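The values are calculated or read from the model by the stated rules, or taken from the named source; none is laboratory data. The shown structure was predicted, so the numbers you read here are calculated from the model rather than taken from an experiment. Using ideal geometry, Cβ is built from the backbone for each residue, glycine included, and neighbour counts are taken over all protein chains shown.
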Amino acid sequence: MNNFVRSRRKKRTVLMVDDELINRELLEAILAFNYNVDSAENGSEAMQMLRSAKEPYSLILLDLLMPKMSGFQVLEQCKADEELSKIPIIVMTSEKSAEVRSIKLGADDFITKPYRMPEVILARCERIIELSEERALIREIEKDKLTGFYKSDFFFAYIRRMETRGMDAVALHIDGLDKLKAEAGDEAVNLFLQNTAQRIRENDSTTKGIVCYAGDGRFYAYFRHRDDYKELFEKAQTTSFSEQNKGVTLRCGVYERVDKELNPEEWFERAESACADRKGANYIEKYQG
């Protein structure tokens, strides 16, 4: 994996955030041979640069004590942002207590001031960037590009490690995609699936669980138990199941409070069996076993 990542890597750009000019100059001298280095002299400027960057930074080197916006505030804002949270952050400090607090806020590592060992700084930067790129590569592999949900293998691997008490297995089946493809082409089918995935995702945002796209118009969801799946069902249908897609229908099967003695594949076999009978009709059915 490391060799593969290295082979793909061009010269990375790092953002150095420190209010003291001498520190910025010193770090740039250490890093410039290996990386493109941008610098900001306070947290407010750093956030502007992060949000306006044409390409994401590979690493942020962050001082903690700065005017206008502290490094702690930068950390909090970055970790609260879906895209910026993917950028690894190394904090630069001389205070042990600050190291602990920054790690709790989501920092990936720290460099101790003053900067006496350039080779250590370079090694830490390289290690953190490589770990981040490996995580990004795994995220790319584990998600279906069309829907943004997990692929089946990763989905089942994850739910095996999750809590089973009070959880439901939900199978959503879209019928009629072959007809839609024949009439309107692949692009219409892809758009349909993306719209449906978005409706499920909007509902999933308030539900503790995960979703996968299992292919052939099948979505699997592993959700905290709820008594009524009508809202999920109706949201999944919104806009996708319109007049222009009359031949496409949705059926939903639910296996409530999964049995931990069974394996996850069996949970979804039961959920699928609940909605297997009436193709060509929109309906929800619960597994009765």
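Descriptive notes on the structure:
- Being surrounded by 14 or more Cβ atoms within 10 Å (Cβ to Cβ) and not in a strand (DSSP E or B) holds for only one residue in E119, E82, E45, and it is E45.
- Filtered by the rule that a residue be in contact with a helix residue (DSSP H, G or I) (Cβ under 9 Å, 6 or more places away or on another chain), more than 27 Å from D228 (Cβ to Cβ) and either in contact (Cβ under 8 Å) with a residue 12 or more places away in the chain or in a loop (DSSP other than H, G, I, E, B) (or both), the stretch 142-174 gives E142, D144, L146, K151, F154, R160.
- Any hit, the stretch 46-62, residues being over 21 Å from the mean Cα position of the chain (by Cα), in the same structural domain as K11 (by TED's automatic domain parsing) and acidic (D, E): no
- Looking across the stretch 48-64, not a single residue is in contact with a helix residue (DSSP H, G or I) (Cβ under 9 Å, 6 or more places away or on another chain), part of a loop (DSSP other than H, G, I, E, B) and either among the β-branched types (V, I, T) or free of Cβ contacts under 8 Å to residues at least 24 places away in the same chain (or both).
- Test: residue in the stretch 254-273 that is in a strand (DSSP E or B) and either in the same structural domain as D168 (by TED's automatic domain parsing) or closer than 11 Å to H173 by Cα (or both): yes
- Of everything in the stretch 208-238 that is surrounded by 18 or more Cβ atoms within 10 Å (Cβ to Cβ) and in contact with a His (Cβ under 9 Å, 6 or more places away or on another chain), the residue that is modelled with the highest pLDDT is F219.
- Annotation: of all residues in the stretch 250-281 being free of Cβ contacts under 8 Å to residues at least 40 places away in the same chain and among the hydrophobic types (A, V, I, L, M, F, W, C), the one that is surrounded by the fewest Cβ atoms within 10 Å (Cβ to Cβ) is A281.
- Yes/no for A136 being among the small types (G, A, S), outside the structural domain of S273 (by TED's automatic domain parsing) and either more than 18 Å from C252 (Cβ to Cβ) or at pLDDT 90 or above (or both): yes
- Where a residue in the stretch 179-199 is assigned by TED's automatic domain parsing to the domain that holds Y220 and its partner, wherever it lies, is among the hydroxyl-bearing types (S, T, Y) and part of a helix (DSSP H, G or I), with Cβ under 7 Å and at least six apart: none
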